[in-house]
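First the structure, in the form of structure tokens, and then the observations on it.
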Amino acid sequence: MSEQPMQPMFLPELEGNPKPGPWAENIRAMQAAGKEYPQIWHLFAYRPDATEHLARFTQEVMRAPAPLSPGMRELIAAFTSYVNQCPF
């Protein structure tokens, strides 16, 4: 069974113009490995100055100590994406 390549984002000019930095490096590494990755990384790579707070917020919400485990929060996020027909 072969994996289908990731579909391009709705904003290809954003996807094709990352600024140098860790987000762009992560994207290149995942692409080179043929792996899927969160498409929001393209936004982080395109405008790292504007998305720094969003990236920190996301990590805090998903990983900080809370009544729900990080795994359960990931499962909820994956199910929500599925219901919204959004690849997770």
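The values are calculated or read from the model by the stated rules, or taken from the named source; none is laboratory data. What you are looking at is a predicted structure, and each value in this text was computed from that prediction instead of being measured. With ideal geometry, Cβ positions are generated from the backbone for all residues, glycine too; neighbour counts draw on all protein chains shown. For the accessible areas, the whole protein counts, side chains as well, though only heavy atoms, and no ligand, DNA or RNA atoms are used. Shrake-Rupley method; radii C 1.70, N 1.55, O 1.52, S 1.80 Å.
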Accessible carbon and sulfur surface of the range 48-88 relative to its total accessible area, %, 1.4 Å
68 percent
Could you give the nm distance between label points at residue 75 and residue 26, where each point is 7 Å from its Cα heading toward the beta carbon?
2.4 nm
Label-to-label distance, nm, for residues given as residue 40 and residue 11 (7 Å Cα→Cβ offset):
1.4 nm
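Decide, for the chain, between rounded, prolate and oblate: order the square roots of the alpha carbon gyration tensor eigenvalues as a ≥ b ≥ c, take rounded if a/c falls under 1.5, and otherwise choose prolate if a/b is larger than b/c, else oblate. Walk me through the numbers on the way to the answer.
Details: a/c = 1.88, a/b = 1.22, b/c = 1.54.
It is oblate, given that a/c is not under 1.5 and a/b is not larger than b/c.
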Quick query: amide H of residue 37 versus all other amide H atoms, modeled in the peptide plane; which residues come in under 5 Å with a sequence gap of 5 or more or a different chain?
none
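Can you give the calculated 222 nm mean residue ellipticity of the chain, where each DSSP H run of n ≥ 4 adds -39,500 (n - 2.57) and the sum is split over every residue, rounded to the nearest 500 deg cm²/dmol? Mind dumping the intermediate values first?
On the way: 5 runs with 52 residues, N = 88.
Helices in the chain give a 222 nm mean residue ellipticity of -17500 deg cm²/dmol.
Only Cα pairs under 8 Å and at least 6 apart count here; give the relative contact order of the chain as a rounded whole percent.
Over the chain, the number comes to 21 percent.
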Starting from 0.36 nm per residue, how many nanometres of slack lie between residue 53 and residue 84 once their C-alpha separation is accounted for?
8.7 nm
